[in-house]
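The values are calculated or read from the model by the stated rules, or taken from the named source; none is laboratory data. It should be emphasised that the depicted structure is a prediction, and the values quoted were computed from it without experimental measurement. Here the Cβ is made from the backbone with ideal geometry for all residues, glycine too, and neighbour counts use every protein chain on show.
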Amino acid sequence: MALSARIAAYEQFILDLDGCVWVGEQGTPGVAEAIDALRASGKRVAFATNDPRRADEDFVTKLWSIGVRASLGDVVTVGAATQYLLHQRHSGRTAFVIGTNSIRRHVADAGLHVLNGTDLASRAEVVVVAGTNSLDHDDLRLAMLALRRGGDLVATSRDPVYPTAEGLAPGTGAIVVAVEYASGATATIVGKPEVGLFETALDRLGEGRTLVVGDRLDADVAAAAAAGLDSALVLTGGTSAEEAAAAVDPRPDLVADSLAALLLEDSPYS
Ligand SMILES: [Mg+2]
C-alpha cells in the first residue's frame, strides 16, 4: 500500500503503543500493514511506552501477537529510557529502587549498584521510582531516608493512574508524590510529557526528520513539543475529535482517525 503524502517527508517515526498501535489486546485497524508499508519505504520505526511494569521482551511479544514484526531494539520502554539517563548522570553510584524486577535490571544495567535488600538501602545515592503493584511502607521509608540524606530522585513518570481489566489503578505518579512529600525531594521525570523517552528513541533511531505519533495531547504531543519534534495525534485512544480540534498548546501537526489512516494513502481505516 502507498504511503500518505503528508508523512512522506519524515524519515523516522516514534510510535506510542497503548491507544495508538493497540487498544487492550487488539491492534488498531490496519496497523500491521501500515507499519509494513512504512518499513517497505525505508522509514525507521521505534515504539515508545511510559509503561514501567512489564519487561521490554513482553512488548516485543505483544507486537508480534498483533502481526507487527519487532525486535528488542525497536522498543523503547520508559525503563530503557531511565537506564539511558542513569547511565549518563549517575553511573557508578548506589541506588534504591521502587519498581518491578524489570526496572531493577535497567538500573543495574546502567552501572549503578542496587542496594535493595541490604542494610545500606537507606544510604543509597539515587532513588529510582517506577510503577509497581507491590509496594510496602518500608519501601517508602527507605526511599525517604535516602533522599533526606541528599540522594537524587529519578522517576519514570507522574502518570496518576493506569488502565487495567478491572478499571483504573494508582499509577507511578501516585507513588512519586508519596516519596516527594515524605522527603521534600523533587523527582527528575524520564517519561512523557518530559523528553527522556523520546531522546532515548532518537538515540536508537539516529539522525533524521522525525514524527511522533500518539493518542494523548498531554503526553505524546506535549513531549514531542518539548523535544522539538513534530507530532501526529490519532483518535483511537484517549482523545476525542472535538478535543483534537480544540487543541492549542500543545497542538499536533497532524490529526488522523487511526495510525493506519495517518500512514496510508486512501486508507480504508479512516
Ligand atoms: Mg498512548
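Being within 16 Å of the ligand (Cβ to nearest atom) and modelled with pLDDT of 95 or more is true for just one of L17, L38. Which residue is that? Quick ask: steps written out before the conclusion?
On the way: L38 fails: within 16 Å of the ligand (Cβ to nearest atom).
None of the other options fit; the residue is L17.
Being polar (S, T, N, Q), within 16 Å of the ligand (Cβ to nearest atom), surrounded by 18 or more Cβ atoms within 10 Å (Cβ to Cβ) and without any contact (Cβ under 8 Å) to a residue 40 or more places away in the chain: is that true of T172 here? Please lay out each step first, then the result.
On the way: polar (S, T, N, Q): yes; within 16 Å of the ligand (Cβ to nearest atom): yes; surrounded by 18 or more Cβ atoms within 10 Å (Cβ to Cβ): yes; without any contact (Cβ under 8 Å) to a residue 40 or more places away in the chain: no.
For T172, the condition - polar (S, T, N, Q), within 16 Å of the ligand (Cβ to nearest atom), surrounded by 18 or more Cβ atoms within 10 Å (Cβ to Cβ) and without any contact (Cβ under 8 Å) to a residue 40 or more places away in the chain - is not met.
Could you figure out which of (1) surrounded by fewer than 14 Cβ atoms within 10 Å (Cβ to Cβ); (2) among the polar types (S, T, N, Q); (3) in contact with a Ser or Thr (Cβ under 7 Å, 6 or more places away or on another chain) isn't true of T186?
Condition (3) is where T186 drops out.
Going through segment 30-44 one residue at a time, which ones are surrounded by fewer than 19 Cβ atoms within 10 Å (Cβ to Cβ) and not in a helix (DSSP H, G or I)?
S41, G42, R44
Can you name the residue in segment 137-161 that is at pLDDT below 95 and in a loop (DSSP other than H, G, I, E, B) and is also nearest to V195 (Cα to Cα) among such residues? Step through it out loud before you land on a result.
The first filter runs over segment 137-161 and keeps only residues at pLDDT below 95, leaving 159-161.
Checking which are in a loop (DSSP other than H, G, I, E, B) leaves us with 159-160.
Details: D159: 15, P160: 18 Å.
Residue satisfying both the conditions and the ranking: D159.
Working only within segment 1-15, note down all residues that are touching a Lys or Arg at 6+ places or on another chain (Cβ under 7 Å) and under 13 Å from L254 (Cβ atoms). Explain how you work it out, then say what you get.
As a first pass, look at segment 1-15 and keep what is touching a Lys or Arg at 6+ places or on another chain (Cβ under 7 Å): 9-13.
Selection gives A9, Y10, F13.
Somewhere in segment 104-111, is a residue among the charged types (D, E, K, R) and part of a loop (DSSP other than H, G, I, E, B)? Can you show your working first?
First, the residues of segment 104-111 that are among the charged types (D, E, K, R): 104-105, 109.
With the extra rule that they be part of a loop (DSSP other than H, G, I, E, B), the set shrinks to none.
Within segment 104-111, not a single residue is among the charged types (D, E, K, R) and part of a loop (DSSP other than H, G, I, E, B).
Within segment 3-14, can you find the residues that are among the aliphatic types (A, V, I, L, M) and either within 14 Å of the ligand (Cβ to nearest atom) or part of a loop (DSSP other than H, G, I, E, B) (or both)?
Taking segment 3-14 as the starting set, the residues that turn out to be among the aliphatic types (A, V, I, L, M) are 3, 5, 7-9, 14.
Scanning segment 3-14 gives A8, A9, I14.
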